[in-house]
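What follows is a set of notes on a single structure, which appears directly below.
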C-alpha cells in the first residue's frame, strides 16, 4: 500500500517538475538503454536512442560524443559531421541562454555588448577567434578534421 501511495505521489510530482528536468530524466533513461545496447553489440539500437536524445533541445554531452565515436568507427563522416554541427548548435544555444539569464538582472544587452567589445579590443582578439568552453571548442576542432576527411574522400 505504501508503495502505491509513493508511486501516486511521485507521478503527481513528476507532472509538476520543470520541463528540463523531465527531459533530463528521459535522456538519462535513453542513454542507459543505448549504453546497454552498445555493450551487447547492438549498435543500431544504440544509435536510435542516442539520435532521439540529440533531437531534444537539451545539452547532453554523452549522446553527442557517443554518436560521433560510433559514426567515426563506421567511417560515416557525413553522419559524424551532422552530429557535430547539431551538438555545437545545441550547446551554443544553451550557453547563450545561461549567460543571458545569469546577467539579465544585472547588465543590459547594450552594456553587455559594450563590455564584450572592450574585452575584444584589450585582448586583440577578433570575433572569429573567440573560444568556447568544452565541449564546443573540442567539437569545432573535430568538425575541421571531419570536413578534411570528407574533402579527401572526393
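The values are calculated or read from the model by the stated rules, or taken from the named source; none is laboratory data. These numbers were taken from a predicted model, which means no experiment stands behind them. Here Cβ is always computed from backbone atoms with ideal geometry, including for glycine, and neighbour counts include all displayed protein chains.
Restricting attention to segment 82-90, does a residue exist that is in contact with a helix residue (DSSP H, G or I) (Cβ under 8 Å, 6 or more places away or on another chain) and at pLDDT below 80? The answer is no; no qualifying residue exists. The set of residues in segment 46-75 being surrounded by 15 or more Cβ atoms within 10 Å (Cβ to Cβ) and assigned to a loop (DSSP other than H, G, I, E, B) consists of 56, 58, 59, 60.
Screening the candidates 58, 71 for the property of being in contact with a helix residue (DSSP H, G or I) (Cβ under 8 Å, 6 or more places away or on another chain) and at pLDDT 95 or above yields one hit, 71. With respect to the stated conditions, residue 31 is surrounded by 15 or more Cβ atoms within 10 Å (Cβ to Cβ) and modelled with pLDDT of 95 or more. Pairs meeting the criteria (first residue in segment 81-98 and without any contact (Cβ under 8 Å) to a residue 24 or more places away in the chain, second residue surrounded by 12 or more Cβ atoms within 10 Å (Cβ to Cβ), beta carbons under 9 Å, at least 6 apart or on different chains) are 82/71.
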